[in-house]
Amino acid sequence: MLLVVYGLPFTGKRRFGRLLASHLSCKFISTSEIRNRWIAAPTFRLSEKRAVYLNLLQESAEALADGKCLVLAGTFYRAEFREDLETLASTFNEHVLWIQLPSGNLSGSFFTSELYDVSYARKIRNKINERFQPMTTEQVISLENLDTIERALSRIDKIITNDLSGQVDI
């Protein structure tokens, strides 16, 4: 099973992804943690982003090869990054379930626990939003309009249960 928590910057992807992985007893990998591990002073240039996603693909392949359930967290704003992940998943006879976090407001939501410099966060979010390439898959769960983490996890549980029984209801 491969679940990907994605969305705009400052939406709580890493926090929610970690909670989801714990809830499902899955391995968790985030692009921000890979970036922090490998790059001392991130510039967020495209070449750097590609390197981060290549590391993510490699770690994901290792987890999937070991038969592990996997939750990933990242922006995934470029179609090429999503396509590479879909290709990797199909190699292991898995499909990707994309979980979109609501963009909400920058003062915080139940997904985010950190406080940010709002003007900086808004600038970064707007920049990525302008460049976000449309999703082409129908396997997207939007967590918009859910007011608690428990309801979000419950909705995902229901979808996974239906999906495993062959009744995908997204």
In the neighbourhood of Phe28 defined by beta carbon distances under 10 Å, the net charge of the other residues (Lys, Arg +1; Asp, Glu -1) is +2
Pseudo-spin-label distance Ser32 to Glu80, built 7 Å along Cα→Cβ, given in nm, is 2.5 nm
Sorted by chain and number, the residues with a modelled amide H under 5 Å from that of Ala73, at a separation of 5 or more or across chains, are Val5, Ile29, Ser30, Thr31
Residue-ordered couplings for the range 51-61, obtained by feeding phi - 60° into the Karplus form 6.51 cos²θ - 1.76 cosθ + 1.60 and rounding to whole Hz (Gly and Pro as x), are 5, 4, 5, 5, 4, 4, 4, 5, 5, 5, 4
Any residue on another chain or 5+ positions along whose placed amide H is under 5 Å from the amide H of Ile141 is listed here as Trp98, Ile99, Gln100
So, with points 7 Å from each Cα along the Cβ direction, the Ala51-Lys127 label distance in nm works out to 1.8 nm
For Thr91 and Lys158, extending 7 Å from Cα along the Cα-Cβ vector and measuring point to point gives, in nm, a value of 3.6 nm
Given all pairs of distinct Cα atoms, the range 1-67 yields a Kirkwood Rh in Å of 12.9 Å
Filtered hits (lysines, Cα-Cα < 27 Å from Lys127, offset >= 8 within chain) -> Lys13, Lys49
By the mean-Cβ-within-10 Å protection proxy, highest first, 148-157, 68-77, 38-47, 16-25 rank as 68-77, 16-25, 148-157, 38-47
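Laboratory data are not the source of any read-out in this text; all were calculated from the coordinates shown. This one's a predicted model, so the numbers in the text were calculated from it and none came from an experiment. A quick note on method: Cβ atoms are made from the backbone with ideal geometry, for glycine too, and the neighbour counts reach across all protein chains shown.
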